[in-house]
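Trainee: Handing you this structure, nothing more for now.
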Amino acid sequence: MTYRVTVIPGDGIGPEVTAAARKIAEATGVPFEWEVVEAGEPAIRARGTPLPDEVLESVRRNRLALKGPITTPIGSGFRSVNVALRQQLDLYASVRPARAIAGEGTRFPETDLVVVREATEGLYSGVEHWVDREHSAAETVAVVTRKASERIVRFAFELARKLGRKRVTGVHKANIMKTTGGLFQTVFREVASKYPDIASDERLIDNMCMQLAKKPGEYDVIVTTNLFGDILSDLCAGLAGGLGVAPGALYGDTIAAFEPVHGSAPKYAGQDRADPVAEILCVELLLRHLGEKEAADRVFRAVWETIAEKKVVTYDLALPGYTARPVTPSSCSAMAAEIARKVPLVDLDAPLPKAASAFGAGASDPTLEA
Ligand code: NAD
């Protein structure tokens, strides 16, 4: 069976890293057909809009998407294409595993957790306005509903079960935001009570950040609202080795889209310098979603071995300071070629550290449909 996947290369470093990721997908031998559609800056140039209808139509038709990052202008200009895609396609669960890979690029090699972020409402509801004509005050409305809170918390507990993880931590700020945070907290407790096999606890967002910065290895699955999840997943990416190695998945009831945690990193655009691993690990998550377990394991192991060998790695993994062995940085395309070369060669039986098996090699399909 050939899998038809919508590819949104995006802008900035997006076209480079999505091209790299497609090479790796093709190296697995799993048959893919790519339907490439443009969003973000290339779509503005060609079509005068950052999110043409054909992008949404293509994703709805294929129900699978591999997405690169898309720039959002700060302060003014068009609304975030990323936020619009999640809202319009009802991709409500943003799942971002933070796995330290081969101990490289991180001070916390024990990091191995998953951030589950509600992706359609909260402070990203898009409901905001100036309070007065002088623009001296502004308001943004945080929308938190029982329906969206229930489905994201349930998703997190189901994910924990599927991945054999032991604990789900609910993160909120219910002491100050007593209605929105309070509703999320209430729903978290209700849903948690239905999963007696999974431990649960809660953290206020500020304390969560401090705890993660000190002992990330103690956390397992974290579930939270949109803005907190956005910030926490970047923090956790940093703990696990940086934005260059942090993949993500967006799940709705019928559609799954895979995009890295990182943005379009405009300062590296077109230079063939960006780390392709985050987007490549999006292909691993796509393969797991499709039930192509062996191919997913091959991708994960090829990435792991390439980073562990540290001969052909991009600048972010070659830095001195993190490791005792700085190396000359390779290009994005060279690192992707090295990973692609390894994909058919990896030993699927070779042991990996325990942390690498909780979402990586050998993990069950992390989606709800499976
Ligand atoms: P960013 O993630 O693009 O980059 C921050 C820094 O992280 C970069 O300067 C770079 O040092 C590093 N980095 C990121 N990706 C890397 C990679 N693959 N390899 C090596 N280093 C990498 O964040 P930003 O600069 O805050 O945002 C840039 C643009 O991206 C903004 O317009 C923002 O809105 C957008 N953005 C989009 C998404 C998305 O498409 N889902 C996510 C986040 C940010």
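Trainee: Any residue in the range 51-75 that is assigned by TED's automatic domain parsing to the domain that holds Glu279 and more than 24 Å from Glu16 (Cβ to Cβ) sitting within a Cβ distance under 6 Å of a residue that is modelled with pLDDT under 95 and within 16 Å of the ligand (Cβ to nearest atom)? List the pairs, counting only those 6 or more apart or interchain.
Mentor: Partner pairs satisfying both residue conditions: Leu56/Gln88.
Trainee: Next question, about the same structure. Step by step: first the residues of the range 81-99, then only those that are within 16 Å of the ligand (Cβ to nearest atom) and in a loop (DSSP other than H, G, I, E, B), then the one that is surrounded by the fewest Cβ atoms within 10 Å (Cβ to Cβ). Which residue is that?
Mentor: Leu89
Trainee: Scan the range 52-59 and tell me whether some residue there is within 19 Å of the chain's Cα centre (by Cα) and within 23 Å of Ile222 (Cβ to Cβ).
Mentor: no
Trainee: Yes or no: the range 215-226 includes at least one residue that is surrounded by 20 or more Cβ atoms within 10 Å (Cβ to Cβ) and closer than 28 Å to Ala25 by Cα.
Mentor: Scanning the range 215-226 turns up at least one residue that is surrounded by 20 or more Cβ atoms within 10 Å (Cβ to Cβ) and closer than 28 Å to Ala25 by Cα.
Trainee: Considering the range 1-42 alone, what residues qualify as being part of a loop (DSSP other than H, G, I, E, B) and within 12 Å of the ligand (Cβ to nearest atom)?
Mentor: Result: Pro9, Gly10, Asp11, Gly12, Ile13, Ala39, Gly40.
Trainee: List every residue pair whose Cβ atoms lie under 6 Å apart, where the two residues are 6 or more positions apart in sequence or sit on different chains, the first residue falls within the range 237-248 and is within 10 Å of Thr111 (Cα to Cα), and the second residue, located anywhere, is away from the ligand (no atom under 11 Å from the Cβ) and in a helix (DSSP H, G or I).
Mentor: Matching pairs, first to second residue: Leu239/Pro216.
Trainee: Could you check the range 115-139 and list, in sequence order, the residues that are assigned to a strand (DSSP E or B) and within 25 Å of Asp90 (Cβ to Cβ)?
Mentor: Those that are assigned to a strand (DSSP E or B) and within 25 Å of Asp90 (Cβ to Cβ): Val115, Val116, Arg117, Glu118, Gly122, Glu128, His129.
Trainee: Also, quick follow-up: Which one is surrounded by the fewest Cβ atoms within 10 Å (Cβ to Cβ) among residues in the range 40-80 that are at pLDDT 95 or above and polar (S, T, N, Q)?
Mentor: The extreme case among them is Asn62.
Trainee: Give the residues of the range 238-252 that are within 11 Å of the ligand (Cβ to nearest atom) and of a type in the set (A, V, I, L, M, F, W, C), sorted by residue number.
Mentor: Leu243, Val245, Ala246, Leu250
Trainee: Let me ask something else about it. When both residues are 6+ apart or on different chains and their Cβ atoms are under 6 Å apart, which pairs have a first residue that lies in the range 253-278 and is more than 7 Å from the ligand (Cβ to nearest atom), and a second that is assigned to a strand (DSSP E or B) and aromatic (Phe, Trp, Tyr)?
Mentor: Sorted first by the residue in the range 253-278, then by its partner, the list stays empty.
Trainee: Given the options Val141, Val191, name the one that is touching a residue at least 24 places away in the same chain (Cβ under 8 Å) and among the hydrophobic types (A, V, I, L, M, F, W, C).
Mentor: Val191 is the lone residue from the list that is touching a residue at least 24 places away in the same chain (Cβ under 8 Å) and among the hydrophobic types (A, V, I, L, M, F, W, C).
The values are calculated or read from the model by the stated rules, or taken from the named source; none is laboratory data. Note that the structure is predicted; figures quoted are calculated from it, not measured. Methodologically, a virtual Cβ is constructed for each residue, glycine included, from the backbone with ideal geometry; neighbour enumeration extends over all protein chains shown.
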